[in-house]
Amino acid sequence: MNDVRLHPFQPGARRSRTLLIIAAAAFVPACASEGPRFDEEEILAHIATLSSDEFGGRAPASPGEEKTVAHLVAAFEELGLEPGNPDGTWTQSVPLLGSTATRMEAASDPGGAWTGAVDFVAWTKRLVPEVEAGGELLFVGYGVQAPEYGWDDFGETDLSGRILVILVNDPPGEHHFGGDAMTYYGRWTYKFEKAAAMGALGALIVHETGPAGYPWEVVSGSWTGEQFDLRSPDGNMDRLQVEGWISREHAVALFDALGMDFEEARGGAAEADFTPIPLGIEANFSLATTHREIDSNNVVALVPGSESPEELLIYTAHWDHLGTVPEMEGDNIYNGALDNATGTSGLIALAEAFMTGPAPRRSVLFLAVTAEEQGLIGSRHYASNPLYPTRDTVAAVNLDGMNVWGRTSDIIVVGLGQSELDGIAESVATGLGRVLRPDPEPEKGFYYRSDHFEMAKVGIPAFYPDAGIDFIGKPEGFGIEVRERYTAEAYHKPGDEVQDWYDLAGMVDDLEFLYRMGRELTDSGVWPGWSETSEFRARRLEDRPR
């Protein structure tokens with residue numbers, strides 16, 4: 001297996017696989033006198049098991065899923081939790097359609113044959129064995145239709161029979177689309193959905209590392225194996241015939257072949273008066289796909305409330321990762337240690353804390369969801385088919401990629417300002433001698449990239465904490481450096497494995513914060529709402545009018 005060294009101050013160093021416990025006398029949590037609530041060795045053992053080669057990268061509908069579900073159910077059952085499904089089981093079935101491309105070919109005139117996984121990746125989510133589709137490439141800027149911003153990249157242009165070329169992320173600008181922070185309009189999921197709704201034949205997103213938030217290798221690795229989507233009765237025929245990405249280099253070459261300047265077109269797309277640009281290129285795709293209909297599983301475990309059991313707090317984490325790629329040479333297992341064996345192990349640790357502490361006034365549901373890496377599918381299914389009414393759900397707190405680098409004085413809140421949960425979080429953090437900090441990388445749109453987002457879309461106030469960046473006893477800039485190195489070297493790659501230098505003291509501090517925040521939400525009568533400016537406020541008010 002590859003041995004990726006992510007610790008920027010120990011390059012190449014070999015050490016025994018032990019935790020590095022860093023003394024931080026300047027920071028003593030308020031709970032220190034109570035004794036430890038979370039056991040680092042137990043947490044590390046769960047992370048190591050879930051991300052071991054034996055679990056094969058935890059792909060949905062694989063032997064790795066069976067092992068993962070069994071591990072989680074055994075852990076929750078041993079702790080004394082109850083099955084979280086009202087039907088008396090530990091799981092919620094999630095109907096999936098698995099699609100594997102067996103042929104992925106494309107060519108254009110001009111441009112010739114495109115090289116798969118280098119120039120482009122493409123697929124179809126339709127339940128059909130083959131797609132032979134061709135159409136004119138049409139550059140539609142950012143592919144956004146946002147009336148609230150007075151923005152429409154499509155206008156009156158007829159998109160039928162055309163393949164859209166779309167820029168990733170939002171149109172840049174200080175006074176619209178959240179400024180530096182990505183909105184949902186910047187997500188690839190929105191762009192494919194909008195293109196289909198507008199009647200296009202296909203859509204290709206131009207990958208750029210900065211705006212996307214990850215390198216091309218993440219695209220070529222994540223979208224060339226089996227992909228999943230929720231099954232629909234019509235065989236997903238409402239999806240585009242062709243979905244995919246093209247590399248920036250290939251997009252520039254296509255523009256150059258026509259004597260057009262990609263950067264000039266990209267700059268024009270940042271203006272509100274942009275209109276689509278026909279590229280004068282016919283692109284043809286030949287895709288063959290095998291399908292399987294399978295049922296994956298969300299794992300659900302419950303701590304019943306003592307006084308108001310019908311009211312519910314949810315902790316979420318996705319248990320899945322990208323599985324194993326048999327045809328890949330060398331290390332071909334995407335172990336997903338940080339992403340998201342850490343969060344899944346955090347769920348178990350929080351469950352134990354609630355079981356060993358006094359019974360909460362409200363119930364707590366621990367929801368480990370499937371197929372997050374495929375587009376938040378497990379959480380989307382739960383949000384559309386909730387086991388407990390959304391109006392009775394107080395909040396959702398999401399764990400996705402926890403801190404393995406040591407203790408921090410701060411806690412990042414992705415989407416800070418979205419809801420009244422921030423006030424509760426700030427009070428808890430202050431009591432622990434810590435501070436809240438907004439996302440240092442708002443342009444990457446993390447609020448729309450993990451499972452809490454599906455809860456937010458149905459109105460449930462959703463809180464998404466992330467590892468802090470002000471590391472105690474570390475040089476200034478350490479936090480940003482390890483983030484960037486993880487993204488470049490291990491994110492969605494086989495190198496995301498448990499490392500010798502893991503220091504879970506920071507994860508333990510964050511779990512203490514999340515536990516105390518959970519106790520505030522379960523032991524009080526508070527019903528936090530969305531902020532006045534949140535796009536999710538109206539949906540919550542439908543459930544719980546104020």
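Read-outs throughout are calculated quantities, based only on the coordinates presented, and are distinct from any laboratory measurement. Worth saying up front: this structure is predicted, and the values here are computed from it rather than measured. Please note: Cβ atoms are built from the backbone with ideal geometry, for glycine as well, and neighbour counts cover all protein chains shown.
With the simple model of a label 7 Å out from the Cα in the direction of the Cβ, ALA113 to THR89 spans 4.7 nm.
Dividing the summed helix terms, -39500 (n - 2.57) for each DSSP H run of n ≥ 4, by the number of residues in the chain produces a 222 nm estimate of -7500 deg cm²/dmol to the nearest 500.
Other residues within the sphere of radius under 11 Å centred on the Cβ of GLU132, judged by their own Cβ, net out at -1 (K and R +1, D and E -1). Subtracting the Cα-Cα distance of GLU249 and GLU54 from their residue separation scaled by 0.36 nm leaves 66.4 nm. In this simple spin-label approximation, GLU66 and GLU42 carry label points 7 Å from Cα along the Cα→Cβ vector, and these lie 2.9 nm apart. Classification of the stretch 394-512 by its C-alpha gyration tensor yields an oblate form. The axis ratio a/c (a ≥ b ≥ c) is 1.5 or more, and b/c is at least a/b. Dimensions of the stretch 273-385 along the principal axes, based on C-alpha atoms and rounded to the nearest Å, stand at 67, 48, 30, largest first. Relative to the compact-globule estimate of 2.2 N^0.38 Å, the Cα radius of gyration of the stretch 94-168 comes out at 1.37.
Pairs of alpha carbons in the stretch 335-422 separated by more than 19 Å make up 54% of all such pairs. Using Cβ point charges alone (K and R +1, D and E -1), the dipole size of the chain about the Cα centre works out to roughly 800 debye. Against the compact-protein benchmark of 2.2 N^0.38 Å, the Cα-based radius of gyration of the stretch 184-340 scales to 1.37. Coupling constants for the stretch 244-251 follow from the phi torsions by the Karplus curve (6.51 cos²θ - 1.76 cosθ + 1.60, θ = phi - 60°), and in residue order they are x, 10, 10, 6, 4, 4, 6, 4 Hz; glycine and proline get x. Within straight-line reach of LYS474, meaning a Cα separation under 30 Å, sit the following lysines at least 8 residues removed in sequence or on another chain: LYS444, LYS493.
Suppose the Debye formula is applied to equal point scatterers at every Cα of the stretch 477-543; what is log10 I(q)/I(0) at q = 0.13, 0.15, 0.17, 0.23 Å⁻¹? Result of the Debye calculation: -0.73, -0.84, -0.88, -0.99. Less than 12 Å from a label point 7 Å out along the Cα-to-Cβ axis of MET237: which backbone N atoms in the stretch 91-119 qualify, by residue? It comes to no residues whatsoever.
Estimated at 0.36 nm per residue, the fully extended path between ASP523 and GLU327 surpasses their Cα-Cα distance by 65.4 nm. Applying D = kT/(6 pi eta Rh) to the chain, where Rh is the Kirkwood radius over alpha-carbon pairs, T corresponds to 4 °C and eta to 1.567 mPa s, the Stokes-Einstein value obtained is 54 µm²/s. Size check on the stretch 46-120: the Cα extents along the three principal axes, sorted descending, read 64, 30, 15 Å.
Relative protection proxy for 356-367, 506-517, from highest mean packing down: 506-517, 356-367 (other beta-carbon atoms within 10 angstrom). For a modelled paramagnetic label at ASP500, 7 Å from Cα along Cα-to-Cβ, no residue of the stretch 458-477 is in reach, as no backbone nitrogen comes under 19 Å.
For SER531 and ASP392, a Förster radius of 25 Å and the Cβ-Cβ distance give a FRET efficiency of 0.70, rounded to the nearest 0.05. Distances between every pair of Cα atoms in the stretch 169-251, grouped in 5 Å steps from 0 to the bin holding the largest one, split as 3, 13, 19, 23, 21, 13, 6, 2, 0 percent. Distance between the pseudo-spin-label points of ARG103 and LEU541 (7 Å out from Cα toward the beta carbon): 5.4 nm. Subtracting the Cα-Cα distance of GLU217 and ASP261 from their residue separation scaled by 0.36 nm leaves 13.3 nm. Need one word for the stretch 318-364: rounded, prolate or oblate. Basis is the Cα gyration tensor (sqrt eigenvalues a ≥ b ≥ c); a/c below 1.5 gives rounded, then a/b vs b/c decides. Cα axes put the stretch 318-364 in the prolate bin.
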